[in-house]
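Visitor: Supplied in structure tokens, the structure appears directly below.
No value in this document is a laboratory result; all are computed from the given coordinates. Everything numeric in this text was worked out from a predicted model, so none of it was measured. Backbone-built Cβ (ideal geometry, glycine too); neighbour counts: all protein chains shown.
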Amino acid sequence: MRVNAQSPSVKNAEKQKTVFLINAHLTYPGLSEGKLNKAFFDKAKEFFISQNFKVLETKIEHGYKVDEEVEKHLQADIIILQTPVNWENTPWIYKKYVDEVFTSTLSSQKFLTNDGRSDTDPARQYGTGGKMQGKKFMISATWNAPKESFNDKNQYLFKGKSADDALFNVAANYLFSGFEVVPGYYCYDVFKSKHIKEDLDNYPAYLKKVFGL
């Protein structure tokens, strides 16, 4: 009797998803060597490999080709930006990366059709012209700021904002292109914290939960 069944290897190949990990760390010798961000990057890579994901990687500081980065975004089901928070934002090399990669797709319309607005349909909102629906984006960041700085209106700097709120400008590029942005994972107070190992150890469980794996 002939059995029309696929082999396990074929089934696994069909089920395999892709994650794209971006490391935005910028080295400042003697001040910021990137070991902590690399530890979170490697922890995520190890987790997604264990979940049978194909893993794509870019460390911006080591260089990149714009066309290849565009293709990585198109291939990925999940994109995670691993970044330190320098002066309340990502390192400048990440802004350069975004400007080059996202702008290169405007003429090809690979990421988005337009900004969403239409003369024939005035109800369409700005930022709704993205074509990357079904993909998810997350920020994993290391902060000098303590956790207590956030979600508290009595705090001087962030005035009640969450860490996600504080980095909304980073996630907005992906929202604009149609991605779903999931809540970020943050390691706080990195120069004084006694909980860094715990944050690293808890990271895989957070990834499993937030991405429903």
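Visitor: Residue by residue through region 32-41, which ³J(HN,Hα) values in whole Hz follow from phi under the Karplus form 6.51 cos²θ - 1.76 cosθ + 1.60 (θ = phi - 60°), with glycine and proline marked x?
Guide: Per residue, the Karplus-derived 3J(HN,Hα) values read 9, 8, x, 5, 5, 4, 5, 5, 5, 4 Hz.
Visitor: What is the fewest-to-most order of Lys59, Lys153 by other Cβ atoms lying within 10 Å of their Cβ?
Guide: Working: Lys59 17, Lys153 8.
Fewest-to-most Cβ neighbours within 10 Å comes out as Lys153, Lys59.
Visitor: Then there is this: Near the amide H of Lys161, under 5 Å away, which other amide H atoms are found, from residues 5 or more places off or on another chain, if H is placed in the peptide plane?
Guide: Amide H to amide H, under 5 Å and 5 or more residues apart or across chains, Lys161 pairs with Asn151, Asp152.
Visitor: Same structure, new question: Determine, for Leu31, Leu175, Leu112, Leu81, the number of other Cβ atoms within 10 Å of each Cβ, and report the residues in order from fewest to most.
Guide: Leu31, Leu175, Leu112, Leu81
Visitor: To continue, here is another question. What net charge is computed for the residues neighbouring Gly134, neighbours being all others with C-beta under 12 Å from the C-beta of Gly134, Lys and Arg scored +1, Asp and Glu -1?
Guide: Charge balance in the 12 Å sphere: +2.
Visitor: Provide Tyr186, Tyr156 in ascending order of the number of other Cβ atoms located within 10 Å of each residue's Cβ, fewest first.
Guide: Tyr156, Tyr186
Visitor: Quick one: plug the Kirkwood hydrodynamic radius of region 89-197 (C-alpha pairs) into Stokes-Einstein at 37 °C, 0.692 mPa s, and report D in µm²/s.
Guide: In µm²/s, the coefficient rounds to 206.
Visitor: Whole angstrom only: what separates the Cα centroid of region 178-199 from the Cα centroid of region 86-162?
Guide: Distance between centres, Cα-based: 18 Å.
Visitor: Now for a different question. Among residues other than Ile78 whose Cβ falls under 9 Å from its Cβ, what is the net charge (Lys/Arg +1, Asp/Glu -1)?
Guide: With Lys, Arg at +1 and Asp, Glu at -1, the net is +2.
Visitor: Count the DSSP beta bridges whose two residues both fall in the chain, then state the antiparallel fraction as a percent rounded to the nearest 5. Kindly include the intermediate steps, with their values, before the conclusion.
Guide: Working: 3 of 26 bridges.
Just about 10 percent of them are antiparallel.
Visitor: So, one more: If the viscosity is 1.002 mPa s and the temperature 20 °C, what Stokes-Einstein diffusion coefficient in µm²/s follows for region 146-191 when Rh is the Kirkwood radius over Cα pairs?
Guide: Estimated via Stokes-Einstein, D reaches 184 µm²/s.
Visitor: List, in the order given, every pair from Lys131/Lys159; Lys38/Lys153; Lys38/Lys65; Lys45/Lys153; Lys43/Lys72 whose Cα-Cα distance in the structure shown is over 27 Å.
Guide: Numbers: Lys131/Lys159 34 Å; Lys38/Lys153 33 Å; Lys38/Lys65 21 Å; Lys45/Lys153 36 Å; Lys43/Lys72 20 Å.
Result: Lys131/Lys159; Lys38/Lys153; Lys45/Lys153 exceed 27 Å.
Visitor: In addition: Tell me the relative contact order for region 123-171 as a rounded percent, counting alpha carbon contacts under 8 Å between residues six or more apart. All intermediate terms of the calculation are to be shown ahead of the outcome.
Guide: On the way: 25 pairs, mean separation 11.5, N = 49.
Rounded, it is 24 percent for region 123-171.
Visitor: Here's another thing I want to ask about it. Which option, [x] 42, 25, 15; [y] 32, 18, 16; [z] 30, 25, 18, is the value of semi-axes √(5λ) of the Cα gyration tensor in Å that was calculated from these coordinates?
Guide: Recomputing semi-axes √(5λ) of the Cα gyration tensor in Å here picks out [z].
Visitor: Okay, moving on. Residues with amide H under 5 Å of Phe137's amide H, sequence separation 5 or more or different chain, H placed in the peptide plane at 1.01 Å from N; which?
Guide: Amide H to amide H, under 5 Å and 5 or more residues apart or across chains, Phe137 pairs with Ile79, Glu180, Val181, Val182.
Visitor: Right, here's the next one. What relative contact order, as a whole-number percentage, does the chain give when Cα pairs under 8 Å and 6 or more residues apart are counted? The partial results should precede the final answer.
Guide: Values: 331 pairs, mean separation 41.6, N = 213.
Relative CO of the chain lands at 20 percent.
Visitor: Any idea what Rg and Dmax come out to for region 71-119 if you just take the C-alpha atoms, in Å?
Guide: Cα-based Rg and Dmax for region 71-119 come out at 13.6, 41 Å.
Visitor: For the chain, what is the mean residue ellipticity at 222 nm derived from helices alone (per DSSP H run of n ≥ 4: -39500 (n - 2.57); sum divided by total residues; nearest 500 deg cm²/dmol)?
Guide: -10500 deg cm²/dmol
Visitor: Per residue of region 155-165, what does 6.51 cos²θ - 1.76 cosθ + 1.60 with θ = phi - 60° give for ³J(HN,Hα)? Whole Hz please, x for Gly and Pro, Karplus curve as stated.
Guide: Values, residue by residue: 7, 4, 7, 8, 6, x, 5, 7, 5, 4, 4 Hz.
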